[in-house]
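> Can you read through this structure? Questions will come right after.
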Amino acid sequence: MTRTSEDIAAAPLDLVIERIRRVYRGWNRSTSVAQMRTDWDAAFQVDIAPISHQRVSMAGVDAEWIAASNAPHDKAVLYFHGGGFRLGSVSSHCELIARISEACGCRVLAINYRLAPEYRFPAPLEDALAAYGWMLDQGLRPENIALAGDSAGGNLVLTTMLGLRERGLPLPAIGVLMSPWTDLAATGETYVSRADADPIHQRPMILALAKNYLGEGGDPRDPLASPLYADLAGLPSLLIQVGDRETVLADSTMFADRARAAGVDVELQVWDGMIHVFQMFAELPEAHRAIASIAEFLKRHLQINADRRPQ
């Protein structure tokens with residue numbers, strides 16, 4: 001059969017989808033959470049040679065500085081990885097984080113927050129708040145810090161901001177969200193309208209992850225678990241990127257609408273044909289363009305000079 005130009009263009013995304021599905025197919029009811037985490041990290045861990053790595057520990061929270069060679073010391077991104085609060089680590093997201101650092105010329109602190117079911121809500125949020133506080137203790141100023149994250153990590157970006165506001169603490173300059181999970185109740189209409197288009201995530205899976213995170217009796221509409229239900233007034237400028245094929249698309253669109261109604265400056269980018277956290281996959285041209293857009297947003301708001309050398 002002759003392949004059309006559309007078929008050829010779709011091939012990289014098809015390979016990405018198969019790469020993700022291959023991991024899921026290796027699991028069954030008897031697969032332990034520990035094995036799932038090992039498999040996930042092994043499937044997506046990539047070493048980025050030109051990027052420097054420095055491990056740090058902040059009151060029991062393991063983290064890693066990931067930095068391009070031209071990154072200044074007075075500005076930083078605090079990154080929260082995705083994985084449904086069950087999977088994922090700095091290792092699984094190292095390539096994505098490194099490409100963001102390289103593109104914007106800013107160093108990134110990525111943390112291994114505690115995961116469920118061993119550590120349920122609000123343990124990951126507590127770790128995120130501790131990491132931000134540690135950065136301030138190191139002398140970084142709030143206006144020189146951005147928060148960034150994907151999926152569950154995007155949730156943590158928002159809930160960390162809300163937690164800081166609740167405590168009367170200074171908020172970071174901006175937030176970058178990739179396919180953020182904002183509604184643990186999974187009420188968005190795209191769970192139906194995108195069910196056939198999304199090759200990975202369906203509503204039952206999302207609800208199971210939410211229950212795993214919240215525990216029995218946990219409230220999926222708690223604003224510090226589901227930022228869609230929070231008072232969003234006073235949050236800093238946000239960039240949201242999401243794929244048009246995602247069942248969780250409405251988590252972004254509904255949140256953007258509510259944030260704008262509360263006076264928040266929100267830039268929402270819906271990427272045609274893209275899947276959940278497509279930015280992770282360097283084989284996709286769209287991933288490179290999305291990261292370039294993230295870099296431009298970070299440079300503009302943090303006032304990063306790409307030619308500047310470390311202090």
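The values are calculated or read from the model by the stated rules, or taken from the named source; none is laboratory data. All values derive from a computational prediction rather than experimental measurement. Reconstructed Cβ throughout: ideal geometry from the backbone, glycine too, with neighbour counts over all protein chains shown. Note: accessible area is taken over every heavy atom of the protein model, side chains too, but ligands, DNA and RNA are not part of it. Shrake-Rupley method; radii C 1.70, N 1.55, O 1.52, S 1.80 Å.
> Do we find that ILE200 is closer than 23 Å to MET58 by Cα and open to solvent by less than 40 Å² (accessible area, probe 1.4 Å) in this structure? Before the answer, list the steps.
On the way: closer than 23 Å to MET58 by Cα: no; open to solvent by less than 40 Å² (accessible area, probe 1.4 Å): yes.
In short, no.
> Pairs only if they're at least six apart or on different chains, beta carbon under 7 angstrom, first in region 105-120 and in contact (Cβ under 8 Å) with a residue 60 or more places away in the chain, second buried (at least 21 other Cβ atoms within 10 Å of the Cβ) and charged (D, E, K, R); list them, first residue then second.
Final answer for the pair search is CYS106/LYS75.
> Would you check which residues across region 254-286 are without any contact (Cβ under 8 Å) to a residue 40 or more places away in the chain, open to solvent by less than 60 Å² (accessible area, probe 1.4 Å) and in a helix (DSSP H, G or I) and list them?
ALA256, ALA259, GLU286 - these are the residues of region 254-286 that are without any contact (Cβ under 8 Å) to a residue 40 or more places away in the chain, open to solvent by less than 60 Å² (accessible area, probe 1.4 Å) and in a helix (DSSP H, G or I).
> Return the only residue of GLU95, GLU102 being modelled with pLDDT under 95, within 18 Å of VAL176 (Cα to Cα) and either among the β-branched types (Val, Ile, Thr) or open to solvent by 40 Å² or more (accessible area, probe 1.4 Å) (or both). Break it down into steps so the answer makes sense when it comes.
Numbers: GLU95 fails: either among the β-branched types (Val, Ile, Thr) or open to solvent by 40 Å² or more (accessible area, probe 1.4 Å) (or both).
None of the other options fit; the residue is GLU102.
> I've got another one for you. Out of all the residues in region 113-140, which are small (Gly, Ala, Ser) and farther than 17 Å from ALA173 by Cα? Break it down into steps so the answer makes sense when it comes.
The initial filter retains those residues of region 113-140 that are small (Gly, Ala, Ser), namely 116, 123, 128, 130-131, 133, 139.
Correct list: ALA116, ALA123, ALA130.
> What number goes with the only condition from (1) of a type outside the set (D, E, K, R); (2) touching a helix residue (DSSP H, G or I) at 6+ places or on another chain (Cβ under 7 Å); (3) surrounded by fewer than 17 Cβ atoms within 10 Å (Cβ to Cβ) that LEU249 does not pass?
All conditions are met except number (3).
To keep it simple, each residue is scored yes or no on (1) under 25 Å from ARG120 (Cβ atoms); (2) small (Gly, Ala, Ser).
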{"residue": "GLY215", "(1), (2)": "yes, yes"}
{"residue": "PRO220", "(1), (2)": "yes, no"}
{"residue": "ALA225", "(1), (2)": "yes, yes"}
{"residue": "TYR229", "(1), (2)": "yes, no"}
{"residue": "ALA233", "(1), (2)": "no, yes"}
{"residue": "LEU238", "(1), (2)": "no, no"}
{"residue": "VAL242", "(1), (2)": "no, no"}
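> Another question, if that's okay. With respect to the numbered conditions (1) over 19 Å from the mean Cα position of the chain (by Cα); (2) open to solvent by less than 40 Å² (accessible area, probe 1.4 Å); (3) of a type in the set (Asp, Glu), which one is the sole condition not fulfilled by ASP127?
Among (1) over 19 Å from the mean Cα position of the chain (by Cα); (2) open to solvent by less than 40 Å² (accessible area, probe 1.4 Å); (3) of a type in the set (Asp, Glu), ASP127 violates only (1).
> Kindly provide the set of residues from region 203-233 that are part of a loop (DSSP other than H, G, I, E, B), among the aliphatic types (A, V, I, L, M) and buried (at least 17 other Cβ atoms within 10 Å of the Cβ), ordered by number.
LEU224, ALA225, ALA230, LEU232
> Continuing with this model, one more query. Between a residue in region 235-251 that is within 22 Å of ALA195 (Cβ to Cβ) and any residue that is acidic (Asp, Glu), which pairs come within a Cβ distance under 6 Å, given they are 6 or more apart or on different chains?
Sorted first by the residue in region 235-251, then by its partner, the pairs are ASP244/ASP272; ARG245/ASP198; GLU246/ASP198; THR247/ASP198; ALA250/GLU189; ASP251/ASP183.
> Let me ask another. Hey, among the residues in region 52-92 that are hydroxyl-bearing (Ser, Thr, Tyr) and open to solvent by 10 Å² or more (accessible area, probe 1.4 Å), which one's modelled with the highest pLDDT? I'd like the intermediate steps shown before the answer.
So in region 52-92, the residues hydroxyl-bearing (Ser, Thr, Tyr) come out as 52, 57, 69, 79, 89, 91-92.
So of that shortlist, the ones also open to solvent by 10 Å² or more (accessible area, probe 1.4 Å) come out as 52, 57, 69, 89, 91.
Details: SER52: 83, SER57: 91, SER69: 81, SER89: 97, SER91: 94.
Filtering first and then ranking leaves SER89.
> Only residues in region 144-159 that are more than 16 Å from VAL248 (Cα to Cα) and of a type in the set (Gly, Ala, Ser) count as the first member; pair them with residues that are open to solvent by 10 Å² or more (accessible area, probe 1.4 Å) and at pLDDT 95 or above, Cβ under 6 angstrom, at least 6 apart or cross-chain, and list the lot.
Going by the 6 Å Cβ cut-off, the qualifying pairs are ALA146/ALA173.
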